[in-house]
Amino acid sequence: MALRCWRWWPRSAWPRTRLPFAGSSPGFGQRFSTQETTPQICVVGSGPAGFYTAQHLLKHHAQAHVDIYEKQPVPFGLVRFGVAPDHPEVKNVVSTFTQTARSQRCAFRGHVVVGRDVTVAELREAYHAVVLSYGAEDHRALDIPGERLPGVLSARAFVGWYNGLPENQALAPDLSCDTAVIVGQGNVALDVARILLTPPEHLERTDITEAALQALRQSRVKTVWIVGRRGPLQVAFTIKELREMTQLPGTRPILDPADFLGLQDRIQEVPRPRKRLMELLLRAATEQPGQEEAARRARASRAWGLRFFRSPEQVLPSADGRRAAGVRLAVTRLEGAGEATRAVPTGDTEDLPCGLVLSSVGYKSRPIDPSVPFDPKLGVIPNTEGRVVDEPGLYCSGWVKRGPTGVIATTMTDSFLTGQTLLQDLRAGLLPAGPRPGYAAIQALLSGRGVRPVSFSDWEKLDAEEVARGQGAGKPREKLVDTQEMLRLLGR
Ligand code: FAD
Ligand code: NAP
């Protein structure tokens with residue numbers, strides 16, 4: 001299987017090369033001469049991990065050629081489909097990624113699903129090295145009864161819906177209820193809460209999809225509970241996102257001062273960023289608001305609340321059993337200290353009525369291909385410093401390497417490290433010697449399978465179309481949300 005593409009690929013059709021190794025049978029252990037051979041490297045995934053890995057390789061190796069394979073017809077992963085529409089400044093990284101993609105030594109191969117349209121083994125045969133940077137495309141399940149009832153959604157799908165991810169466009173979240181419960185207290189939970197509660201007119205000039213904006217205009221959701229199984233000291237969100245909540249127009253916070261008893265003393269020992277976050281939480285929960293803030297809260301028609309020490313036990317069905325009507329929460333207490341602090345049920349429960357449940361307890365990577373090792377428990381590809389364990393020539397970066405946490409900057413550092421590891425191996429002669437056909441071989445395979453990749457200049461046409469569609473409404477872009485329409489616009 002591993003040699004399939006290699007065997008039938010006619011040598012006469014290999015790319016013309018001046019390289020002395022053409023015709024030899026390349027193998028691991030032979031010294032790779034960086035002087036003579038163009039390293040053909042491919043990256044799977046065009047999110048921050050894929051682009052930052054490519055950037056590092058191109059910058060630090062003057063000959064390396066990098067192909068970036070992406071399942072969507074459009075690039076940038078969670079920068080396009082995750083980052084909230086009201087955080088446009090975060091998306092500025094796209095200009096750096098665009099520079100990388102426009103390099104003569106880089107190519108974007110969109111609309112190619114690795115593991116389906118082409119196997120990882122085939123890529124490994126065609127390239128000197130393959131970097132898996134395909135992120136975490138699934139969500140972690142709550143694994144509780146009632147989780148599949150209508151009215152229960154993963155935050156991942158909800159985020160994909162408002163951000164134009166084609167597979168989530170039919171989600172049709174029912175926003176006709178008064179109360180939504182979000183399980184989990186990370187930054188994704190706060191993104192979702194903020195989008196649910198922001199006055200829609202404040203989203204009109206963002207790149208949120210028109211369909212989502214329309215649904216949010218009709219939303220009746222007035223209260224959003226953000227539920228954590230542990231306490232304030234253990235929240236996973238960060239200060240900037242909390243501050244945005246405290247300042248969200250038309251909303252007021254619901255925080256129970258009892259949850260914060262004794263916290264003032266405990267925060268003295270915690271690292272500074274967490275201490276500052278706790279101070280903001282404490283102020284919001286326990287200080288009397290000033291006149292202006294009190295008036296703002298009194299005028300608010302919507303509210304958000306943090307509910308602590310509550311672990312989801314069951315999604316409660318409506319009387320007819322047809323949809324979610326609430327969540328049964330197990331009351332918890334904390335055991336252990338520091339990082340090891342765990343929530344354990346006290347035996348008490350509390351029912352929280354709601355019409356919408358959003359589970360925001362993290363993303364999860366999937367195995368991409370049976371030939372690639374995968375740790376199902378940790379949800380990562382087992383690796384040492386980005387080298388996939390026992391698989392020479394195979395690397396990983398980003399969320400699939402270290403798990404689904406960390407911001408774009410963390411992903412950048414991690415991806416540069418993988419790039420560095422790969423180049424070290426290349427220079428140490430640990431990658432196959434001799435030329436590799438790279439995309440020429442894969443293109444033949446894909447074309448035989450009826451797959452026609454989308455190039456970066458194709459994306460730039462789609463990009464221009466989106467920007468033009470947004471202009472009339474004063475939006476930075478109106479995203480194309482239908483893959484078939486994108487392909488039609490490209491003349492396919
Ligand atoms: P991804 O960005 O997910 O990229 C993976 C890419 O691989 C995707 O394009 C995917 O389509 C592609 N792919 C998957 N499977 C295949 C396949 N089989 N074949 C080919 N391609 C494939 N960080 C911030 O700094 N600021 C923020 O405001 C912020 N907001 C966020 C909001 C949300 C909802 C989420 C979930 C995360 C947010 N982050 C934010 C974190 C940031 O998005 C991640 O750190 C980063 O995107 C991880 O990069 P990645 O490349 O590993 O994964
Ligand atoms: P996260 O930060 O890991 O938060 C997950 C939350 O879910 C935690 O509160 C966790 O609580 C809870 N949880 C997990 N399993 C649970 C269970 N079985 N029952 C109840 N609660 C459970 O994940 P995320 O919010 O998906 O964010 C992913 C990453 O993207 C993070 O690094 C985040 O910072 C980043 N991101 C950044 C931004 C931004 O910068 N604006 C925006 C979005 C996302 P415990 O702590 O108790 O496990």
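The values are calculated or read from the model by the stated rules, or taken from the named source; none is laboratory data. Owing to the predicted nature of the structure, the values given are computational and were not obtained by experimental measurement. Every residue, glycine as well, gets a Cβ built from its backbone with ideal geometry; the counts of neighbours run over all protein chains shown. Calculation scope for accessible area: heavy atoms of the full protein, side chains included, ligands and nucleic acids excluded. Shrake-Rupley method; radii C 1.70, N 1.55, O 1.52, S 1.80 Å.
Side notes on the structure shown:
- Remark: relative contact order (the range 79-166) = 44 percent; criterion is Cα-Cα distance under 8 angstrom and separation of 6 or more residues.
- Amide hydrogen neighbours beyond the local backbone of TRP304, cut-off 5 Å, H modeled: VAL224, ARG252, ILE254
- Loop-located trypsin sites (Lys or Arg not before Pro) in the range 56-149 whose Cβ has at most 13 other Cβ within 10 Å (DSSP): ARG116, ARG148
- In summary, the chain shows an alpha-carbon radius of gyration equal to 1.07 times the 2.2 N^0.38 Å reference for compact globular proteins.
- Test item: Cα-centred dipole of the range 69-221, Lys/Arg +1 and Asp/Glu -1 on Cβ, debye: 360 debye
- Cα shape, the range 57-116, gyration tensor, a/c 1.5 rule: oblate
- When the trypsin sites (Lys or Arg not before Pro) in the range 323-406 are filtered for DSSP coil states and for at most 14 other beta-carbon atoms within 10 Å of their beta-carbon, the remaining sites are LYS377.
- Relative contact order of the chain, taken over Cα pairs closer than 8 Å and 6 or more residues apart, is 26 percent.
- If you take the Cα centroid of the range 73-113 and the Cα centroid of the range 138-215, the two points sit 23 Å apart.
- Distance in nm between pseudo-label sites at SER301 and ALA211 (7 Å out along the Cβ direction from Cα): 2.6 nm
- Size of charge dipole - the range 109-189 - debye, nearest 20, with Cβ of Lys, Arg +1 and Asp, Glu -1, no other charges: 160 debye
- Rounded to whole numbers, the Karplus 3J(HN,Hα) couplings from phi for the range 43-53 are 10, 9, x, 10, x, x, 5, x, 5, 5, 5 Hz, using 6.51 cos²θ - 1.76 cosθ + 1.60 with θ = phi - 60°, and x at Gly and Pro.
- Carbon plus sulfur fraction of accessible area for the chain, probe 1.4 Å, in percent: 50 percent
- Farthest toward the positive end of the dipole of the chain, out of ALA193, GLY338, PHE51, is the Cα of PHE51, where the dipole comes from beta carbon charges about the Cα centre.
- Using a probe of 1.4 angstrom and keeping all protein chains present, the accessible surface of the chain works out to 45 square angstrom per residue.
- Given charges at Cβ of Lys, Arg, Asp, Glu: the range 369-411 dipole, positive-most of GLY393, THR411, PHE374: THR411
- Summed over qualifying helices (DSSP H, 4 residues or more, each -39500 (n - 2.57)) and divided by its residue number, the chain shows a 222 nm mean residue ellipticity of -9500 deg cm²/dmol.
- Neighbourhood charge, 12 Å Cβ-Cβ cut-off, centred on LEU356 and excluding it, Lys, Arg +1 and Asp, Glu -1: +1
- Checking every one of the trypsin sites (Lys or Arg not before Pro) in the range 241-305 against DSSP loop status and a limit of 12 other Cβ atoms within 10 Å picks out no site at all.
- Computed from the Kirkwood radius of its Cα pairs, the Stokes-Einstein diffusion coefficient for the range 407-492 at 25 °C and 0.890 mPa s stands at 145 µm²/s.
- The range 331-439 - percent relative contact order, Cα under 8 Å, separation 6 or more: 16 percent
- Beta-bridge orientation, the chain: approximately 35 percent antiparallel, per DSSP, counting only bridges with both partners inside.
- Cα gyration tensor shape for the range 311-423, rounded if a/c is under 1.5, else prolate or oblate: prolate
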